[in-house]
Amino acid sequence: MTSVALGIPSVRTKPIAERRRSRQIMVGSVPVGGDAPVSVQSMTTTVTADINATLQQIAALTASGCQIVRVAVPSQDDAEALPIIAKKSQIPVIADIHFQPKYVFAAIEAGCAAVRVNPGNIKKFDDKVGEIAKAAADHGVPIRIGVNAGSLDPRLLQKYGKATPEALVESALWECSLFEEHGFRDIKISVKHNDPVVMIQAYRLLAQKCDYPLHLGVTEAGPAFQGTIKSAVAFGALLAEGIGDTIRVSLSAPPVEEIKVGIGILESLGLRERGLEIVSCPSCGRAQVDVYTLAEQVQAGLEGLKVPLRVAVMGCVVNGPGEAREADLGVASGNGKGQIFVKGEVIKTVPESQIVETLIEEAMRLAEEMGVEIDLDDDAPGPEVVVG
């Protein structure tokens, strides 16, 4: 009988749609737009002037898979900290500027990889565009025009009555046109709203009207659960249409959690190679083991394992054997014991009390066979959990 290789394919899942063709910019060493992969970014929550705390948080974000980081610059002390932070960070640093144009120039001089400006919050911003464009061009620093529903230009609020998709897009394109008048096109755009429906409509409209790379975000998305749902819905809808070049999940939670969610969204859409994935059943009256506890214990035991493995934790004889057989590693549980599957074959049957440790041992063995260095890092993104 011919054996059939099962488990996760070695190649990335084909994306749902062709990527929108956008021009490419370089944010430090990270390409954004064009044919570059969709990047994941976050923002520090520390006071930027506290250099050590900020660099520590950037290091944690870097370890979690963050590719670009943004820091707030609301004061002179923050601006003065930028040269050291930009130099010592292992990933590109973007300065986030509101209200004071002078900090835009300070960030450019400090060696930041890019600068985010919010036109609605900077007084007489339009009058400064020429100077900003020249400084940015001279230093090779791209500009992100970041329009937010909560800080829309008063002129557009008066025109549209509220932050409609049309208002957000008009604001962004107006500012782009001012930079274009000075020959500057090293730009990316965001048009964020806290309502995913409005946000989706705004980005769809924007995608039709320009070829600039787009930074996706649902602003003020909320606490971890709510913000994850909003971001997954909005990003999923747009990325599935090929819209979006870099993403930031905004959560009222530690920044590392934003990276976990962002990476998970990209993996789910086939826009990034999957890492460790745990497939587990939702449990029902047929289950003869505590599937919830088993899945949680396996997840905790494999936290931070950086390897593309699908691990199935199943609780009954209906779907259990099939799911476990199709995974790289799995267990089909029942009657106080579990059948352990590796690459589609049953390798042993163990008591229920040994299921977790056996799965962890086999996962480590498979990782070593794949030549992956085992380093279980508590700060790294955890495995993706799929409930069947």
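The values are calculated or read from the model by the stated rules, or taken from the named source; none is laboratory data. Note that the structure is predicted; figures quoted are calculated from it, not measured. Cβ placement follows ideal geometry from the backbone for every residue including glycine, while neighbour counts extend to all protein chains displayed. Quick note on the areas: whole protein, heavy atoms, side chains included, nothing else; ligands and nucleic acids left out. Shrake-Rupley method; radii C 1.70, N 1.55, O 1.52, S 1.80 Å.
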Original post:
Does G222 qualify as being modelled with pLDDT of 95 or more and surrounded by fewer than 24 Cβ atoms within 10 Å (Cβ to Cβ)?
Top reply: no
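If you go through the range 70-90, how many residues are among the aliphatic types (A, V, I, L, M) and open to solvent by 20 Å² or more (accessible area, probe 1.4 Å)? Spell out how you get there, then give the answer.
At the first step, the residues of the range 70-90 found to be among the aliphatic types (A, V, I, L, M) are 71-73, 79, 81-82, 84-86.
Filter once more, keeping what is open to solvent by 20 Å² or more (accessible area, probe 1.4 Å): 72, 84, 86.
So the answer is 3.
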Subject >> Residue, surrounded by the fewest Cβ atoms within 10 Å (Cβ to Cβ), within the range 240-268, restricted to residues that are more than 12 Å from the chain's Cα centre (by Cα) and of a type in the set (A, V, I, L, M, F, W, C) >> reply: A240
**OP:** Sort out which residues of the range 143-189 are touching a helix residue (DSSP H, G or I) at 6+ places or on another chain (Cβ under 8 Å) and hydroxyl-bearing (S, T, Y), and write them in order of number.
**Re:** S151, Y160, T164, S171
Subject >> Among (1) modelled with pLDDT of 90 or more; (2) open to solvent by 60 Å² or more (accessible area, probe 1.4 Å), the one test that N335 misses >> reply: (1)
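Select from the range 333-362 the residues that are under 33 Å from the mean Cα position of the chain (by Cα) and free of Cβ contacts under 8 Å to residues at least 60 places away in the same chain and list them in ascending order.
F341, V342, E357, T358, E361, E362
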**OP:** Please give the number of the condition C210 fails out of (1) within 22 Å of S268 (Cα to Cα); (2) hydrophobic (A, V, I, L, M, F, W, C); (3) surrounded by fewer than 22 Cβ atoms within 10 Å (Cβ to Cβ).
**Re:** (1)
Original post:
Could you say whether any residue in the range 150-166 is under 26 Å from the mean Cα position of the chain (by Cα), within 19 Å of F105 (Cα to Cα) and among the hydrophobic types (A, V, I, L, M, F, W, C)?
Top reply: no
Subject >> Odd one out for V197, checked against (1) in a helix (DSSP H, G or I); (2) under 20 Å from the mean Cα position of the chain (by Cα); (3) surrounded by 20 or more Cβ atoms within 10 Å (Cβ to Cβ) >> reply: (3)
Subject >> Positions within the range 183-194 being closer than 21 Å to M26 by Cβ and either of a type in the set (V, I, T) or open to solvent by less than 40 Å² (accessible area, probe 1.4 Å) (or both), in sequence order >> reply: F184, I187, K188, I189, S190
**OP:** Inspect all residues belonging to the range 366-384 and state whether any of them is surrounded by 22 or more Cβ atoms within 10 Å (Cβ to Cβ) and modelled with pLDDT of 90 or more.
**Re:** no
Original post:
Could we say that S250 is in contact with a strand residue (DSSP E or B) (Cβ under 9 Å, 6 or more places away or on another chain), in a loop (DSSP other than H, G, I, E, B) and of a type in the set (S, T, N, Q) here?
Top reply: yes
**OP:** Specify the residue that is surrounded by the most Cβ atoms within 10 Å (Cβ to Cβ); the eligible residues are those in the range 320-332 that are more than 16 Å from Q297 (Cβ to Cβ) and in contact (Cβ under 8 Å) with a residue 24 or more places away in the chain.
**Re:** G320
**OP:** Examine the range 47-64 for a residue that is modelled with pLDDT under 95 and open to solvent by less than 40 Å² (accessible area, probe 1.4 Å), and state whether such a residue exists.
**Re:** yes
